[in-house]
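These notes are about the structure you will find just below.
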Amino acid sequence: MTKTYAALLRGINVSGHRKVPMAELRTLLEGLGHTDVRTYLQSGNAVFTTGSGAGEEELRTALEAAVEDHFGFPVDCLVRDGDYLSAVAEACPFPAAGLQGKQLHAIYYSEPADPGRFASIDRAAHLPEEYALGDRVLYLYTPEGLGKSKLGEAVSRPSVVKGLVATARNWNTVVKLVEMTREK
């Protein structure tokens, strides 16, 4: 049975550094035996189908090794199946339909984040910005966008995310990846 996944590559194609052209990423994923490979934007979003029976961690490990071998530098990746991505979108505690994509973000984590990690963050001091934890995801509401967000900085501090791979996507990308994992 085939299953559709999204690969989320962290920190590539930023300011001309750690370049991973999307055409090469598609070819790389196809070389790993995946089919229906598509990419979205230049920021490391790929959707693919596989019948290998491998789980998210096996797919992640293989992709990270292939990227480092091909491009010559390590890239943290997260791989999530389409059902998970849909569940994240459906569980959003913020009124996503009424917000601009730049105002809402999903920060995906490699594993569940213990709420205690965020205990040092004074939530009231960051209002109207807010966050909520979900299943291996943090929903981040930033009315002025992530670039100006003090709460975004706080939830991304190394002391908070230590030991986790974390990668953020704006809500437009979250929705698009859900759509892409549903397409055939």
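The values are calculated or read from the model by the stated rules, or taken from the named source; none is laboratory data. As the structure is a computational prediction, the values presented were derived from the model and not from experiment. Counting neighbours? That spans all protein chains shown, and the Cβs are built from the backbone with ideal geometry, glycine included.
Before moving on, here are some points about what is shown:
- Residues in the stretch 93-109 that are within 16 Å of LEU146 (Cβ to Cβ) and part of a loop (DSSP other than H, G, I, E, B): 3 in all.
- Of all the numbered requirements in (1) at pLDDT below 95; (2) among the small types (Gly, Ala, Ser); (3) surrounded by fewer than 19 Cβ atoms within 10 Å (Cβ to Cβ), ALA113 misses one, and that requirement is (3).
- Out of VAL47, VAL37, one residue alone is of a type in the set (Val, Ile, Thr), outside the structural domain of VAL174 (by TED's automatic domain parsing) and over 16 Å from THR173 (Cβ atoms). It is VAL37.
- Filtering the stretch 137-168 to residues that are over 17 Å from PRO112 (Cα atoms) and crowded, with 17+ Cβ neighbours inside 10 Å leaves TYR141, THR142, LEU146, SER149, LEU151, GLY152, ALA154.
- Residue-level check: of (1) surrounded by 14 or more Cβ atoms within 10 Å (Cβ to Cβ); (2) under 15 Å from ALA6 (Cβ atoms); (3) more than 15 Å from the chain's Cα centre (by Cα), GLY55 misses just (1).
- ALA97 vs. criteria out of contact with any Ser or Thr (no Cβ under 9 Å at 6 or more places or on another chain), under 15 Å from VAL174 (Cα atoms) and not aromatic (Phe, Trp, Tyr): yes
- Taking the conditions (1) surrounded by 13 or more Cβ atoms within 10 Å (Cβ to Cβ); (2) outside any helix (DSSP H, G or I); (3) outside the structural domain of THR39 (by TED's automatic domain parsing) in turn, ARG80 satisfies each one other than (3).
- Selection status of VAL75, within 25 Å of PRO21 (Cβ to Cβ), in contact with a strand residue (DSSP E or B) (Cβ under 6 Å, 6 or more places away or on another chain) and assigned by TED's automatic domain parsing to the domain that holds LEU9: yes
- Test: residue in the stretch 125-136 that is part of a helix (DSSP H, G or I), surrounded by 11 or more Cβ atoms within 10 Å (Cβ to Cβ), outside the structural domain of GLU58 (by TED's automatic domain parsing) and not aromatic (Phe, Trp, Tyr): yes
- The stretch 120-148: number of residues that are at pLDDT 95 or above and among the small types (Gly, Ala, Ser): 4
- Of the residues making up the stretch 38-62, those that are in contact (Cβ under 8 Å) with a residue 12 or more places away in the chain and of a type in the set (A, V, I, L, M, F, W, C) are LEU41, ALA46, VAL47, PHE48, LEU59, ALA62.
- Qualifying residue in the stretch 83-94 (condition: surrounded by fewer than 16 Cβ atoms within 10 Å (Cβ to Cβ), farther than 24 Å from LYS3 by Cβ and modelled with pLDDT of 95 or more): yes
- Residue in the stretch 88-96 that is out of contact with any helix residue (DSSP H, G or I) (no Cβ under 9 Å at 6 or more places or on another chain) and either over 21 Å from MET180 (Cβ atoms) or assigned by TED's automatic domain parsing to the domain that holds ARG26 (or both) present: yes
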